[in-house]
Each structure stands twice: as structure tokens, then as C-alpha cells.
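Asks: Just dropping this structure here.
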Amino acid sequence: MSETVKIILEGKEIELPVILGSEGEKAIDINKLRDLTGYITLDIGYKNTGATTSKITFLDGEEGILRHRGYSIEELADKCSFLEVSYLLLHGELPTEAQLKDFEDKISEHTLVNEGLEAMFKAFPTGSHPMGQLSSMISALSLFYPKSLNPHRDEDAINRTVIRLLAKMPTICAMIYKKRHGHPIVFPRNNMDYVTNYLNMTFGQVTEPDYTPDPVIVSAMNKLLILHADHEQNCSASTVRMVGSSQSNLYSSISAGINALWGPLHGGANQEVLEMLEQIKEDGGDVEKWINKAKDKNDSFRLMGFGHRVYKNFDPRAKIIKKACDDVLEKLGVSDPILEIAKKLEETALNDPYFVERKLFPNVDFYSGIIYRALGFPTDFFTVLFALGRLPGWISQWQEMRREKQPIARPRQIYTGEAPRPFVAMKDR
Ligand code: MLT
């Protein structure tokens, strides 16, 4: 393959380098394009534009491949704990037993939330959206750890911030759940593993002995968090990199990522799935009717939780999560009309030529919403769980951007507004 491409612009021929990724991905390096030609490229939404090279995650949308640091998502989800995968994303290698123990111990030392932060949290309106509470709390951590703000941060200070974020995120997520139910906060227990501790803080009660979740639930939660851990340059990860590129601190960068994930077109999709299922249930549960509405080009209704921007045939995460979903529903013996509707939708989408031809397969958001509902999470809390899983991925992307000393992100534009015109005084407008 050629190492350069030639472009002829206004009769002038220029050569631009070609970048070849370790999995055969190809890119034209346009870093010098504007200097050489005065031209920029335009790619609204950056769907054809690489913002960076990266060693963290590889995904192949056509083949349904997702790997983290070279390991397949299937093996990681099947053989690792969430903290093992978090370590892999952050450090580039799977931890030894000693490294994982040290990582877990460091995290367990920082699981409590400062009393001042808890006081701020108590002022949040009870019914406020969990994602707004989460992004506010994570941003506010920077107020309590001012040394994290140093733009020329030393590695130790940053590593402390990384540990604090991983340690406090489950505690904060559980606090938000408790606030929703008007229950007292359950403090972290450092004798529990990461996921069990999170489940205990969430579903346990201060008046009862420690919550002992069913191993099937712990396994499903580990898998769910692993499946959401990173997904290369998605909207929220790109936001974290963008904010971090200005040398803003890690707390504020992660808070920005949480706010990007909040959107219904991104992390809010699992919430949209359940709201769609609720809508079908409220309408009498006639799945066939809603399938036909989704097919009707004159009808604005679209199936949420089906298809994907990047995966063209199937979302590898969905295959894994479907099994976990079936296990959880069987274990919990859940009988829920919403979940019955979901199963009918899934069966139709997997067999109806209309959906098969359009690659509208159930994606990770479809199944995660079902599991979260079966576990008892309120619908508007689902994206908080997505954020809990995505945290190590966001941090890894931010670290990679910083360690490579990437410049501040500053995209260009093509101006299409008014030509120069004389100012008009108020009396003449
Ligand atoms: C994700 O996991 O971030 C979502 O699938 C969205 C994406 O990758 O664009």
C-alpha cells in the first residue's frame, strides 16, 4: 500500500502521508493540509475523521470485533473482574495477582466521600436527574482535592486522582440511588469486592446485615461494567479528551464525559429503550402494532436499542449481555410485562427481514436496560450505571492524550454567515 496519497487542488498536486494502524486501518494524515493548500476538510460529527491514534481499544464495526489492549471482549467479560479490566485499560497489561491486590487495596482506602461533599449532595432536589447529580458530584471532587488542579500535574498526583475517582464513583452512584428512595446512605465496606460493595451500598440497608447479592447478580454486574468499560472515540470519550486537552483537571474532564453520556443519543439510549417499552405497554402491549409503526416511513416512531452507528452486523457486547440477561431473569424469576414485550421485540427484530436487512439488531443498550430494570434500578438511573462502567475507559483515554502531550483540541470551520456589513444604530433597526 502506498505510504502517501496525491491530491490535486486548483492545479497544484500535493502528497500527504498515509497512516496504517496495527489492525490495518488506514488514514490520510492531513495535519499539513491547510498549510500546504489553504483547504481544510469538513466532516460534521467527525464520522470519517480520526481525532487521534490510540493503543487502548480496537473495534471493527463490520466484523463485530471489540478488543481492549489486544484482548477480546468475550474473554475479558468471561474471565476477568471489572477491576482487572480497569487495570488493563489504565496500564496496558493484565495485572498480576499482586498488582491487582495492590490496586484493589488502594481503591478500598478511598471509597468514602468527604462530609462536605455529602452536605452539598443533600441539597440536591430529591427528584433531580441522577446524571445531573453524578456530573455535579464528580466535578465537585476537584474542590476538595485542589492539588488535582495543577496543570503541570505530577504522575503521583494524577494516580491519586485516578484511584479516588475509581473508589468514589460507586459510592456516589449508590448515594444517588438512596436519595431517590429516601433511604439513608449505606457506607462502603472495604472487606467486599468492588461490585459486591457497590451492590451492598445500593440495595443494602443500614438496619440490616450486609446485603449478600446472588452470585449470578454479581457476575452479571461485573459483565455489564466490563462491557461498558471503553469504546474507543465515542462521543463521551472524545469529550473527555477534548476537555483534558486544555489541561483541565481529570475530575472536570470526567464530569464533562458524564454530561456527554447523558444524552439520549449516547448513554441515555438504555433509558430510551425502557421508556419505549413502557409506551408500548401503556398502549396495550400490541408489539405487532409498534413493529409496523417502526417500519412505516411516514411514522416517526423508531425502535430504540436496535442497530449501532459503528457495528454494521451485530454488537459483540449485546451477544454477551443477552446471556447475562437470560441468566438474571431466570435467577430472579422475574415476571414483568415490560420484559415480555422486550422479548417479543427481540424475537421479531432477529427474524423479520425488514430489520435484518437494515442491520437493526438488538444492541448493548437494549439488553442492559432490561437487566437493570430486573435488578430494580429506576429507568433514569441506567445511564449512571453506564458511566460507572465507562469510567476506566474515560480515564485511560485522558491519560493517553496527556502522556502523548497532545495539543489543545481546536477544530476549524467553514463560515457560511453574513458578508461584512456596516453597523446599524438602535434607532435605525
Ligand atoms: C458506546 O459504547 O460508547 C456506544 O456504543 C456509542 C459509541 O460507541 O458510539
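Asks: Which residues, counting only those in region 24-43, are among the small types (Gly, Ala, Ser) and farther than 15 Å from GLN413 by Cβ?
Replies: Answer for region 24-43, where residues must be among the small types (Gly, Ala, Ser) and farther than 15 Å from GLN413 by Cβ: GLY24, ALA27.
Asks: Out of curiosity, is LEU265 assigned by TED's automatic domain parsing to the domain that holds GLU357, part of a loop (DSSP other than H, G, I, E, B) and within 13 Å of the ligand (Cβ to nearest atom)?
Replies: It is true that LEU265 is assigned by TED's automatic domain parsing to the domain that holds GLU357, part of a loop (DSSP other than H, G, I, E, B) and within 13 Å of the ligand (Cβ to nearest atom).
Asks: Can you go through ALA318, ALA324 and tell me which one is within 14 Å of the ligand (Cβ to nearest atom) and not in a loop (DSSP other than H, G, I, E, B)?
Replies: ALA318
Asks: I'm trying to understand the selection: among the residues of region 200-240, which are within 16 Å of the ligand (Cβ to nearest atom) and either over 20 Å from GLY369 (Cα atoms) or open to solvent by 20 Å² or more (accessible area, probe 1.4 Å) (or both)?
Replies: Scanning region 200-240 gives LYS223, GLU232, GLN233, ASN234, CYS235, ALA237, SER238, THR239, VAL240.
Asks: Say whether the condition of being within 14 Å of the ligand (Cβ to nearest atom), over 21 Å from LEU339 (Cβ atoms) and not aliphatic (A, V, I, L, M) is met by at least one residue in region 268-279.
Replies: no
Asks: Which one of these is out of contact with any helix residue (DSSP H, G or I) (no Cβ under 8 Å at 6 or more places or on another chain), more than 30 Å from PRO407 (Cβ to Cβ) and not acidic (Asp, Glu): THR49, THR96, THR53, THR37?
Replies: THR96
Asks: Inspect all residues belonging to region 293-311 and state whether any of them is over 16 Å from LEU350 (Cα atoms), within 16 Å of the ligand (Cβ to nearest atom) and assigned by TED's automatic domain parsing to the domain that holds GLN133.
Replies: Yes, region 293-311 contains a residue that is over 16 Å from LEU350 (Cα atoms), within 16 Å of the ligand (Cβ to nearest atom) and assigned by TED's automatic domain parsing to the domain that holds GLN133.
Asks: Quick one: in region 365-418, which of the residues that are farther than 23 Å from LYS322 by Cβ and within 16 Å of the ligand (Cβ to nearest atom) is surrounded by the fewest Cβ atoms within 10 Å (Cβ to Cβ)?
Replies: Narrowing region 365-418 to residues farther than 23 Å from LYS322 by Cβ: 380, 391-392, 394-418.
Right, trim to within 16 Å of the ligand (Cβ to nearest atom) and you get 391-392, 394-398.
Numbers: LEU391: 27, PRO392: 27, TRP394: 29, ILE395: 25, SER396: 27, GLN397: 29, TRP398: 23.
Ranking the qualifying residues of region 365-418, first place goes to TRP398.
Asks: Could you pull out every one of the helices (runs of 4 or more DSSP H) wholly within region 39-116 that has 1 or more residues that are open to solvent by 70 Å² or more (accessible area, probe 1.4 Å) and farther than 30 Å from ILE28 by Cα?
Replies: Helices (runs of 4 or more DSSP H) meeting the threshold: 73-79, 97-108.
Asks: Continuing with this model, one more query. Return the only residue of ASN197, ASN191 being more than 14 Å from the ligand (Cβ to nearest atom), touching a residue at least 40 places away in the same chain (Cβ under 8 Å) and over 12 Å from the mean Cα position of the chain (by Cα).
Replies: Details: ASN191 fails: touching a residue at least 40 places away in the same chain (Cβ under 8 Å).
Going through ASN197, ASN191 in turn, the sole match is ASN197.
Asks: Condition first: within 16 Å of the ligand (Cβ to nearest atom), assigned to a loop (DSSP other than H, G, I, E, B) and open to solvent by less than 70 Å² (accessible area, probe 1.4 Å). Now tell me which residues in region 336-364 satisfy that. Reasoning before the result, please.
Replies: Start the filter on region 336-364 by keeping residues that are within 16 Å of the ligand (Cβ to nearest atom), which leaves 359-364.
Cutting the leftovers down to assigned to a loop (DSSP other than H, G, I, E, B) gives us 359-361, 363.
Across region 336-364, the qualifying residues are LEU360, PHE361, ASN363.
Asks: Out of (1) buried (at least 21 other Cβ atoms within 10 Å of the Cβ); (2) free of Cβ contacts under 8 Å to residues at least 40 places away in the same chain, the odd one out for ASN298 is which?
Replies: Failing condition for ASN298: (1).
The values are calculated or read from the model by the stated rules, or taken from the named source; none is laboratory data. Keep in mind it's a predicted model, so treat the numbers as computed, not measured. Cβ atoms come from the backbone with ideal geometry, glycine included; neighbour counts cover every protein chain shown. Accessible surface areas use protein heavy atoms only, side chains included; no ligands, DNA or RNA. Shrake-Rupley method; radii C 1.70, N 1.55, O 1.52, S 1.80 Å.
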